[in-house]
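The values are calculated or read from the model by the stated rules, or taken from the named source; none is laboratory data. Bear in mind the structure is a predicted one, so any value in this text is a computation, not a measurement. Using ideal geometry, Cβ is built from the backbone for each residue, glycine included, and neighbour counts are taken over all protein chains shown.
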């Protein structure tokens with residue numbers, strides 16, 4: 001179930017759903033998603049579905065990872081990127097292969113530690129991890145060319161908008177029972193445009209730390 005043929009079937013499904021960025025598709029093809037799941041679920045790694053990873057969290061559906069990554073990269077090469085919600089580390093691993101420097105925050109330490117070991121195993125050394133409340137971002141490392149959020153707040157956190165560089169792109173799910181994936185672009189200090197990409201379903205963005 002982890003063969004190249006199985007992975008290629010997943011890539012074919014992503015292309016059918018409209019993912020066109022070949023760098024994104026090639027990176028997802030090359031990234032071993034089964035390493036980011038507990039062994040009992042690894043046989044389902046290349047299904048286009050979200051799966052549980054513990055602590056009421058999920059590993060995102062590959063289509064969602066591809067869609068968010070493609071939207072983030074659409075403005076051109078990215079040097080410094082913030083990811084809010086490391087989770088399993090799968091989205092982190094995909095992003096790390098496509099940007100220069102990635103900063104990723106996670107509020108649940110056991111998930112962060114698992115993700116750290118997986119990223120080291122894959123020799124992805126351009127990632128810095130931090131155990132912190134994701135909604136606050138990582139202001140000391142900003143501003144960021146791109147920010148990608150993997151859990152849904154009720155509204156876009158102003159702290160994240162402030163950490164976006166001029167010309168930067170924020171890809172974020174927003175809402176409660178009904179959620180929308182949004183792309184926010186910062187044009188200058190106080191000028192932002194927002195585009196709704198599609199309906200989504202993410203776990204909520206929560207505050208507080210889990211040790």
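Name every residue in the stretch 53-66 that is surrounded by fewer than 23 Cβ atoms within 10 Å (Cβ to Cβ) and farther than 17 Å from residue 38 by Cα, in order of residue number.
If the condition is that a residue be surrounded by fewer than 23 Cβ atoms within 10 Å (Cβ to Cβ) and farther than 17 Å from residue 38 by Cα, then 63, 64 are the ones that fit.
Residue by residue through the stretch 149-176, note down the ones that are under 20 Å from residue 187 (Cβ atoms), touching a helix residue (DSSP H, G or I) at 6+ places or on another chain (Cβ under 8 Å) and in a loop (DSSP other than H, G, I, E, B).
157, 163
Sort out for me the strands (runs of 3 or more DSSP E) sitting completely within the stretch 20-84 that have 1 or more residues that are modelled with pLDDT under 95. If you could, list the steps in order and put the result at the bottom.
Working: elements: 51-54, 57-59, 80-84.
Filter on the stretch 20-84 gives 51-54, 57-59.
I'm trying to understand the selection: among the residues of the stretch 127-145, which are within 17 Å of residue 78 (Cα to Cα), part of a strand (DSSP E or B) and in contact (Cβ under 8 Å) with a residue 40 or more places away in the chain?
144, 145
Tell me, please, whether a residue that is within 13 Å of residue 148 (Cα to Cα) and outside any helix (DSSP H, G or I) can be found in the stretch 116-126. Talk me through it step by step, then tell me what you get.
Let us first name the residues in the stretch 116-126 that are within 13 Å of residue 148 (Cα to Cα), namely none.
Within the stretch 116-126, not a single residue is within 13 Å of residue 148 (Cα to Cα) and outside any helix (DSSP H, G or I).
Any chance the stretch 3-14 includes a residue that's in contact with a helix residue (DSSP H, G or I) (Cβ under 9 Å, 6 or more places away or on another chain), assigned to a helix (DSSP H, G or I) and within 21 Å of residue 123 (Cα to Cα)? Give the derivation first.
Quick first cut of the stretch 3-14, residues in contact with a helix residue (DSSP H, G or I) (Cβ under 9 Å, 6 or more places away or on another chain) only: 4, 7-8, 10-11, 13-14.
With assigned to a helix (DSSP H, G or I) added as a condition, the list becomes 4, 7-8, 10-11, 13-14.
From the residues that got through so far, the ones that are within 21 Å of residue 123 (Cα to Cα) too are 4, 7.
Taking every residue of the stretch 3-14 in turn, at least one turns out to be in contact with a helix residue (DSSP H, G or I) (Cβ under 9 Å, 6 or more places away or on another chain), assigned to a helix (DSSP H, G or I) and within 21 Å of residue 123 (Cα to Cα).
Going by the structure shown, is residue 110 surrounded by 17 or more Cβ atoms within 10 Å (Cβ to Cβ) and at pLDDT 95 or above? So that I can check it myself, show each step before the final result.
Numbers: surrounded by 17 or more Cβ atoms within 10 Å (Cβ to Cβ): no; at pLDDT 95 or above: yes.
In short, no.
Only one residue in 164, 82, 170, 148 is closer than 19 Å to residue 65 by Cα, buried (at least 16 other Cβ atoms within 10 Å of the Cβ), free of Cβ contacts under 8 Å to residues at least 40 places away in the same chain and in contact with a strand residue (DSSP E or B) (Cβ under 6 Å, 6 or more places away or on another chain). Which one?
170
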